[in-house]
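Report on the structure given below.
The values are calculated or read from the model by the stated rules, or taken from the named source; none is laboratory data. This is a predicted model, so every value here is computed, not measured. Glycine gets a Cβ as well: all are built from the backbone with ideal geometry, and neighbour counts include every protein chain shown. Ligands, DNA and RNA are excluded from the accessible area calculation, which covers all protein heavy atoms including side chains. Shrake-Rupley method; radii C 1.70, N 1.55, O 1.52, S 1.80 Å.
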Amino acid sequence: MSDNREMYDEINALVGSIAKALEMEDKQVAQDLESGAIQIAMDEDENGHRFIAVTRGDRTARVYQGAIQYDRPPGGSEG
């Protein structure tokens, strides 16, 4: 039987990154992912860099390895 701890570490890192991007607690992010309130999708930007697109309500962010880019700034206001 193989050890799946590395997979769990990666999932925890992803949940933590989503929590940071959406300014939420990890536990709430996990619950919202399970309920479908947070949507995630793999995507690629115009420069060929892969990212996770995260959407919750009207807030969206791109979670790159080591960086977060907001399509709508935290707090919900633009500009």
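With a 1.4 Å probe and all protein chains left in place, how much accessible area per residue does the chain have, in Å²?
So the chain comes to 73 Å² accessible per residue, rounded to a whole number.
Carbon and sulfur atoms: what percent of the 1.4 Å accessible area of the stretch 1-54 do they account for?
Details: 1910 of 4030 Å².
Exposed carbon and sulfur together represent 47 percent of the surface.
Within a Cβ distance under 12 Å of Leu14, other residues only, what is the Lys/Arg minus Asp/Glu net charge?
-2
Considering only the other residues whose Cβ falls under 10 Å of the Cβ of Tyr64, what net charge follows from Lys and Arg at +1 and Asp and Glu at -1? Spell out each step's value before the answer.
Working: positive: Arg50, Arg62; negative: Asp45.
Charge balance in the 10 Å sphere: +1.
Please label the shape of the chain as rounded, prolate or oblate, based on the square roots a ≥ b ≥ c of the eigenvalues of the alpha-carbon gyration tensor (a/c under 1.5 means rounded; beyond that, a/b larger than b/c means prolate, else oblate). Could the numbers behind the result be given before it?
Working: a/c = 2.19, a/b = 1.37, b/c = 1.59.
Cα axes put the chain in the oblate bin.
At what distance in nm do the modelled label points of Lys20 and Arg50 sit from each other, each positioned 7 Å from its Cα along Cα→Cβ?
1.9
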